[in-house]
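This report refers to the structure that appears directly beneath it.
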Amino acid sequence: MKRCNVVRVLSSKEQVKVLETLGDRCAALWNAANFRCRQAFMNGEPVPSYATLCAEFQGDPAYKALPSDIAQEILKKLRKAWNSFFACLRLWKKGELEKRPGLPRYWKDRRTGKRLVRLIPVKSPRSYSMDARTLSLTLPADLRDGNGRLVLRTKGVLRFSGTPKTLELRYDRVKKRWYAHQVVEVPEPARKARPEKRAALDLGARTLAALAIESLERQIIFSGREVWKDFLYWNKRIAGEQSKLNQAGRKTSRQLRRLYRVRTRRLKHAYLALAAEIARILKRHQVTTLFLEDLTGIRVDMEFGPGNLLVHNFWAFRMLRNLIEAACARAGVKVVFVEPNGTSSKCAVCSSPVKRPVRHKAVCENCGYVWHADANAALNILLLGSSKGHGAEATPLKPLALRWNRHRWVSRFESTAGTP
Ligand SMILES: [Zn+2]
């Protein structure tokens, strides 16, 4: 599997100039090739493939100003951007997207119209080398001095070791710093042969996740309250900045981009901790397979914050699901997706319909059991996946509730007592 190492690049003033020049040339090639693609698209001609782009631009000054490993990678990235544009267009034509996707953009500042330095992709480890302290790159002939390579110091830990693949030097406009993202191919962790044990996870809004494990009497639920409260706070800050910008007749600012980033990172922090906690619990119970409901099954049952918060921030769910999938892959737990099938509207013991007197409760009409609605849904997913067919063995117990204290996921007991 592929993993990514990210380290910060430290550079002297001269080196920054070299990086900026390289980045500007990348933008020039991207824009030139993108102009060609956009013209083709608007004239109803086929958009050139990667091979065609390479053949057409090989003699171009913008291409020749870069080492070929960088120039080729720019063209490849551009073609990938067009591929995803076409994929989105197909979805839109099927009615699965609200807005018509826009054409791949030029790398330029919308306000000033100037070219924008965004990234320098390097195709193969032939033309770069990176160790714990330094990163060195081959330079185009006119930028070379002494040894012909650009040697940069780096700061950060290479978390993954494996076969090095492509490298990307990215300029962070918010922090005004360069970062190196290196892809490495890491061997899959060997899965030990263990007896099959299953668990299921129900994702939602009010309860971010409810976990049911085979032969474990109590389910575990992760409350979304603190996480969304924090998210809403940053939403307000963003709205404030936007109205300030509106009055000044501007669309965006560095501060706005910073606020968006803080909001995302704080949410991701809670999600990463949640995914890690779930992986830890699954490992402790020696679970081998985790059933996850398809994303279409997510219920927007918020009782705090505006109800449309999630409609506009659906990416947040995708992020949570992806992080859980990744954490499970690291822990050697197989993730299986199941079709949602009324998992929250029937009783996990007798599969009779349930009533929902309040949002978080489900009362069975037949056996009279009172469930925590999300714990019941998780159990139903578990039953759905286990092909056992009907009925959980246990009667519903109050689930173990964990909440986010902005550092860790803790139970109510732990949070009052401080550290456990
Ligand atoms: Zn029942």
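Couple of notes before you dig in:
- Failed item, numbered, when F304 is tested on (1) modelled with pLDDT under 85; (2) closer than 25 Å to L97 by Cα: (2)
- Filtered residues of region 147-186 (kept if free of Cβ contacts under 8 Å to residues at least 60 places away in the same chain and on the phi < 0 side of the Ramachandran plot): N147, R149, V151, S161, T163, P164, L167, E168, R170, D172, K175
- Residue check, G59 surrounded by fewer than 15 Cβ atoms within 10 Å (Cβ to Cβ), out of contact with any Cys (no Cβ under 9 Å at 6 or more places or on another chain), at pLDDT below 85 and of a type outside the set (D, E, K, R): no
- Within region 358-369, residues that are in the same structural domain as P399 (by TED's automatic domain parsing) and more than 8 Å from the ligand (Cβ to nearest atom) reach partners that are part of a loop (DSSP other than H, G, I, E, B) and open to solvent by less than 70 Å² (accessible area, probe 1.4 Å) with beta carbons closer than 6 Å, at six or more positions or on different chains, in the pairs R359/D301.
- Which listed residue is assigned to a helix (DSSP H, G or I) and over 22 Å from the mean Cα position of the chain (by Cα), from G240, G249: G240
- When residues in region 123-170 are screened for being part of a loop (DSSP other than H, G, I, E, B) and acidic (D, E), 2 of them pass.
- Residue in region 342-351 that is of a type in the set (S, T, N, Q) and modelled with pLDDT of 85 or more present: no
- Residue within region 78-88 that is farther than 28 Å from R100 by Cβ and either touching a helix residue (DSSP H, G or I) at 6+ places or on another chain (Cβ under 7 Å) or not small (G, A, S) (or both) present: no
- Hits in region 88-132 - residues which are more than 27 Å from L245 (Cβ to Cβ), open to solvent by less than 40 Å² (accessible area, probe 1.4 Å) and under 25 Å from the mean Cα position of the chain (by Cα): L89, I120, P121, V122, S124
- From R258, R299, R191, residue being at pLDDT below 85 and either assigned to a helix (DSSP H, G or I) or over 25 Å from E339 (Cα atoms) (or both): R191
- Candidates K268, K251, filtered to the one that is in contact with a helix residue (DSSP H, G or I) (Cβ under 9 Å, 6 or more places away or on another chain) and loosely packed, with under 13 Cβ neighbours inside 10 Å: K251
- Region 316-354, subset within 16 Å of the ligand (Cβ to nearest atom) and open to solvent by less than 30 Å² (accessible area, probe 1.4 Å), residue nearest to E188 (Cα to Cα): T343
- Filtered residue count, region 191-214, keeping only those that are open to solvent by 90 Å² or more (accessible area, probe 1.4 Å) and in contact (Cβ under 8 Å) with a residue 24 or more places away in the chain: 4
The values are calculated or read from the model by the stated rules, or taken from the named source; none is laboratory data. Remember, predicted model here, so these are calculated numbers, not experimental data. Don't worry about glycine lacking a Cβ; one is built from the backbone with ideal geometry, like all the others, and counts go over all protein chains shown. The area values use the complete protein model at the heavy-atom level, side chains included, leaving out ligands, DNA and RNA. Shrake-Rupley method; radii C 1.70, N 1.55, O 1.52, S 1.80 Å.
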